[in-house]
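Let me begin by presenting the structure, written as structure tokens, before commenting on it.
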């Protein structure tokens, strides 16, 4: 896949977030993590991708389509409260050095992705994990009913 | 909706199970229970509809398209091990008197349904509820990825 084909239709300087999301969801799936897009957290923020591993591990991935998208998001540390592992996912033209070291890093295109830097693991408290898993399950089921 | 229009395309004597499932899923949704079709349980059986309530209550509904469908199913009590409440869902032409008293009863058509008899509540053990909720969540997310 060329960089050009990953570009957003409206602005070639930024990446197509949906394409990155698709590639990242496939990577997660290959890792045994079943993810859903646009999962609204109890704090009101919406995670671009939220995934559940076979043992209940919760992973959140925030897609960044370009440097501006990252710079205007000051609240990404909020995600740490709602997952065991947190990743940014970007294309290979994103200047990854600006992304904080304490987050995982996924480099994606529309067809797949790879983990470039693992995320530190910060385990959720059991009660929060339980509440989030139920929320995830009900959310995914509701979404499925609509399609 | 007429009885005829609920009949299966291949055999007018039996009901269209998918239509009943749709009507029943709507009822559950109206009750705040988010359901998914064809949920495979750890025992290997596949529940026609499995739903999750806002507090994590697990409901299983078995659709019966006709009396033969019920008579050939000797294993329905197995479902009791995997839910808090269990219902049969049938159309209004099904002879509901044959259905066991210790199960809930839903009468459905393609557009909606009603609870005719509530199910007794038999609460799952916490560890099993946790495992089932995770299974449900991952299953729904995987299904969503495919659509």
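The values are calculated or read from the model by the stated rules, or taken from the named source; none is laboratory data. Given the structure is predicted, the values throughout are model-derived calculations rather than measurements. Ideal geometry is used to build each Cβ from the backbone, glycine not excepted, and the neighbour counts take in all protein chains shown.
Of the residues B:16, B:84, B:78, B:30, which single one is under 29 Å from residue B:144 (Cα atoms) and in contact with a helix residue (DSSP H, G or I) (Cβ under 7 Å, 6 or more places away or on another chain)?
Working: B:84 fails: in contact with a helix residue (DSSP H, G or I) (Cβ under 7 Å, 6 or more places away or on another chain); B:78 fails: in contact with a helix residue (DSSP H, G or I) (Cβ under 7 Å, 6 or more places away or on another chain); B:30 fails: in contact with a helix residue (DSSP H, G or I) (Cβ under 7 Å, 6 or more places away or on another chain).
Just a single option satisfies the conditions, and that option is B:16.
Does the range A:123-140 include one or more residues that are modelled with pLDDT under 95 and more than 16 Å from residue A:50 (Cα to Cα)? Scanning the range A:123-140, I find no residue that is modelled with pLDDT under 95 and more than 16 Å from residue A:50 (Cα to Cα), so the answer is no. With respect to being out of contact with any strand residue (DSSP E or B) (no Cβ under 8 Å at 6 or more places or on another chain) and farther than 30 Å from residue A:34 by Cα, residue B:103 falls outside the description. Of the residues that make up the range A:43-57, is at least one exposed (fewer than 14 other Cβ atoms within 10 Å of the Cβ) and touching a helix residue (DSSP H, G or I) at 6+ places or on another chain (Cβ under 7 Å)? Yes, the range A:43-57 contains a residue that is exposed (fewer than 14 other Cβ atoms within 10 Å of the Cβ) and touching a helix residue (DSSP H, G or I) at 6+ places or on another chain (Cβ under 7 Å).
Screening residue A:109 on (1) away from chain B (no Cβ under 14 Å); (2) under 13 Å from the mean Cα position of the chain (by Cα); (3) surrounded by 18 or more Cβ atoms within 10 Å (Cβ to Cβ) shows it passes everything except condition (2).
The residue that is nearest to residue B:43 (Cα to Cα), counting only those in the range B:112-134 that are within 17 Å of the chain's Cα centre (by Cα) and assigned to a helix (DSSP H, G or I), is B:132. Consider the range A:135-147 and keep the residues that are free of Cβ contacts under 8 Å to residues at least 24 places away in the same chain and in a helix (DSSP H, G or I). The one that is farthest from the other protein chains (Cβ to nearest Cβ) is A:146.
Of the residues making up the range A:51-65, those that are more than 9 Å from chain B (Cβ to nearest Cβ) and farther than 20 Å from residue A:14 by Cβ are A:57, A:58, A:59, A:60. Restricting attention to the range A:84-102, does a residue exist that is within 14 Å of another protein chain (Cβ to nearest Cβ) and either surrounded by fewer than 16 Cβ atoms within 10 Å (Cβ to Cβ) or under 21 Å from residue A:29 (Cβ atoms) (or both)? Taking every residue of the range A:84-102 in turn, at least one turns out to be within 14 Å of another protein chain (Cβ to nearest Cβ) and either surrounded by fewer than 16 Cβ atoms within 10 Å (Cβ to Cβ) or under 21 Å from residue A:29 (Cβ atoms) (or both).
Between A:131, A:68, the distinction of being more than 14 Å from chain B (Cβ to nearest Cβ) and touching a residue at least 40 places away in the same chain (Cβ under 8 Å) belongs to A:68 only.
When we screen A:61, A:90, A:107 for residues that are within 24 Å of residue A:16 (Cβ to Cβ) and touching a helix residue (DSSP H, G or I) at 6+ places or on another chain (Cβ under 6 Å), the only hit is A:61.
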